[in-house]
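To start, the structure under review is shown below, and the notes come after it.
The values are calculated or read from the model by the stated rules, or taken from the named source; none is laboratory data. Just so we're clear, the structure is a prediction, and the values are computed from it rather than from any experiment. Cβ placement follows ideal geometry from the backbone for every residue including glycine, while neighbour counts extend to all protein chains displayed.
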Amino acid sequence: MKIRFEPYGVTTEVEAGHTLLDAAVAAGVEIESVCGGRGTCAKCKVIVTRGVSASTALEQRGLTAEELASGYRLACQAVIEGDTEVVVPEESRRSRVNILARGTEGDVPLEPWVMRHTLHVPAATLREQTPDWDNVARLLTRDGRPMPRPTLRVLRALPGALRAQDGHITLVQVDERIIDVMPGAGPARLTGMAFDIGTTTVVGYLVDLETGDPLAVASRLNPQTRYGDDVVSRIDHASRQDGGLQTMQSEIVGAMNQIIAETAGIAGLDDPVYAITVVGNTTMHHLFLGINPAALAQSPYVPVVTSALCIEAAHLGLAMHPEGAVWVLPNIAGWVGADTVGVLLATDVHRQDEPALVIDIGTNGEMALGSRKRLLTCSTAAGPAFEGAHLSCGMRAADGAIDLVEIDREKDDPVHWHTIGDAVPRGICGSGLVDTVAGLLRAGVIDSTGLIQNGDALRHNGYAALADRIVGEGRHRAFHLVDGERGMGGRTIAITQHDVRVLQLAKGAIRAGIEILMQELSVGPDDVKRVYLAGAFGNYIRPESALTIGLIPHFTEAELIPVGNAAGSGARMALISRSARDETVEILSHVEYLELSGRPDFQYQFAEAMMF
């Protein structure tokens, strides 16, 4: 069957029985699919009038009667029965995601574990018939350093390299291995890459391994998002679909290779990358390595491995020196991964004398609390709401997303907002949602239980401009942020009662996790001296809004410190410093993981924390 996608002008052929979303993936057409094709998010709207199956019950729930009458379908539910043309409306197209690459780094000495040796090796003679490698080894160990091991590739290349420029050669050593040899001075720079593989985004940093200087940075939307925004969707695809695990691994490796090529182009280099460090949550870690993550989604949520791994590049298909080292930082538990280890390394919490809290809110929410005496960590399933998932007008932090909101009921025009890229509003992302709910709480539009008021009291008190934005009744009540005249495609952007409840669940889980950590360490809010807000959401959320909705306690003595992509910073630190790399193993032995599921005290704290 031939399927044509507009406005892209792309045609693909698929067999009958596949969905339009399957066809879009095959054609390389990027359509939003937060739920991974399960029909629950209603984000993959397309317009199609022929050649597909009848609408399903899920579509009748997720689409309005007007949309169904106009030919709207959910791409994940519409099954192909014949040739057709599909229009992807603007609201369903993936936009450029606003990806945070900056991050705070701790003080780390330059201590390379990848180095070059430039040697002049005397030629052998009839009197001194010393083997080539023995001649090289003698020079490498003359100052008392341990003998490195050459790879077979190096031994094969050594004779030619030695004789090409009268014994002038350059060797590249990674830890105890000599992995490359070439005549003359060798590459202009020895480079490595540090990667943060997030559920939503992938960021790569190109670094000069001899100076520690950053050379370039590039990022991509994680291509696995086409199979679902959350890790459970990815696990399900990898473990249940034929070839699903291989697909997931090739998707992420492909994105990493694109980033390697892009950063090399930015830096103007064509020499190979010799070392890579990687952080990511435990699911991303397993998928990158081609390890089946199925057990992570089932109690007791056990990972296959938590220890740090050093893997030769050739085993992973990365576009780097085939015998280069890929150092994957350790995981802590099934739901607290190497990204948290990277954050802890960058913030130095494990070495501090007084309690400090780390909150990393991405697609999942991880927290750590403690000091050099004791350090606890836990995870809560809160991130999707903060990234715009499961909201009526929610979207990722991409162009057109409302990311900042000001509400002042005393003004004639009480609502002001900002969109990423100053684009026409398409929806609202996590930071915009938190701002909106915080503003509505302060204005009295939402009460402490999270209920949107009917507006009568606001109108009676002279706040008609706010009251006029409240529509609907009961659980169908909503507050209009942007009317249809200003929204993309005539779309009204609103916060519904359901959206408020979704935020309450998410912020309740985060707050409850923090309360349990404080309870376990017997510390109160006044004892915490620093609060590190990590991740893109943590960097863009306004602390006053987080405090207003009760996402975090009022830490009266603490300094709130946005640290950006601290996970990526930790990966860069491990790349340029052997001691920092080894310290990640020490962190793993120091930190304690708390499993929150099934704890009665967590359920109690969760119920309490849902209130505003």
Taking the criterion of being within 30 Å of residue 194 (Cβ to Cβ), part of a helix (DSSP H, G or I) and not assigned by TED's automatic domain parsing to the domain that holds residue 297, would at least one residue in the stretch 520-528 satisfy it?
no
List the strands (runs of 3 or more DSSP E) that sit entirely inside the stretch 1-50 and contain at least 1 residues that are more than 11 Å from residue 78 (Cα to Cα).
2-6, 10-13
Take the residues in the stretch 333-354 that are closer than 23 Å to residue 523 by Cα and crowded, with 23+ Cβ neighbours inside 10 Å, then tell me which one is farthest from the chain's Cα centre (by Cα).
349
Would you confirm, using the coordinates I've provided, whether residue 545 is in a helix (DSSP H, G or I), within 21 Å of the chain's Cα centre (by Cα), under 28 Å from residue 385 (Cβ atoms) and not assigned by TED's automatic domain parsing to the domain that holds residue 284?
no
Which is closer than 22 Å to residue 244 by Cβ and small (Gly, Ala, Ser), of 324, 342, 337?
337
Can you name the residue in the stretch 458-484 that is out of contact with any strand residue (DSSP E or B) (no Cβ under 8 Å at 6 or more places or on another chain) and assigned to a loop (DSSP other than H, G, I, E, B) and is also modelled with the lowest pLDDT among such residues?
484
Any idea which residue in the stretch 552-585 is surrounded by the fewest Cβ atoms within 10 Å (Cβ to Cβ), counting only those that are free of Cβ contacts under 8 Å to residues at least 60 places away in the same chain and in contact with an Asp or Glu (Cβ under 6 Å, 6 or more places away or on another chain)?
556
Could you grab me the full set of residues in the stretch 485-500 that are surrounded by fewer than 20 Cβ atoms within 10 Å (Cβ to Cβ) and either modelled with pLDDT under 90 or not assigned by TED's automatic domain parsing to the domain that holds residue 419 (or both)?
485, 486, 488, 489, 490, 491
Reported set for the stretch 124-146 where residues are surrounded by 11 or more Cβ atoms within 10 Å (Cβ to Cβ), in a loop (DSSP other than H, G, I, E, B) and either touching an Asp or Glu at 6+ places or on another chain (Cβ under 9 Å) or in contact (Cβ under 8 Å) with a residue 12 or more places away in the chain (or both) is 124
Quick one: in the stretch 56-70, which of the residues that are at pLDDT below 90 and in a loop (DSSP other than H, G, I, E, B) is nearest to residue 11 (Cα to Cα)?
70
Got at least one residue in the stretch 369-378 being surrounded by fewer than 21 Cβ atoms within 10 Å (Cβ to Cβ), small (Gly, Ala, Ser) and assigned by TED's automatic domain parsing to the domain that holds residue 348?
yes
Could you please find all residues in the stretch 219-259 being more than 18 Å from the chain's Cα centre (by Cα), farther than 23 Å from residue 43 by Cα and in contact (Cβ under 8 Å) with a residue 24 or more places away in the chain?
239, 245, 246
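Residues are listed down the side, and each one gets a yes or a no for (1) touching a Leu at 6+ places or on another chain (Cβ under 6 Å); (2) hydroxyl-bearing (Ser, Thr, Tyr); (3) under 22 Å from residue 541 (Cβ atoms):
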{"residue": "420", "(1), (2), (3)": "no, no, yes"}
{"residue": "423", "(1), (2), (3)": "no, no, yes"}
{"residue": "439", "(1), (2), (3)": "no, no, yes"}
{"residue": "442", "(1), (2), (3)": "no, no, yes"}
{"residue": "448", "(1), (2), (3)": "no, yes, yes"}
{"residue": "464", "(1), (2), (3)": "no, no, no"}
{"residue": "471", "(1), (2), (3)": "no, no, no"}
{"residue": "479", "(1), (2), (3)": "no, no, yes"}
{"residue": "486", "(1), (2), (3)": "no, no, no"}
When you check residue 299 against the structure, is it among the hydroxyl-bearing types (Ser, Thr, Tyr), outside the structural domain of residue 594 (by TED's automatic domain parsing), within 29 Å of residue 344 (Cβ to Cβ) and surrounded by fewer than 19 Cβ atoms within 10 Å (Cβ to Cβ), yes or no?
yes
Considering each of 207, 231 in turn, give the residue that is aliphatic (A, V, I, L, M), surrounded by 24 or more Cβ atoms within 10 Å (Cβ to Cβ) and modelled with pLDDT under 95.
231
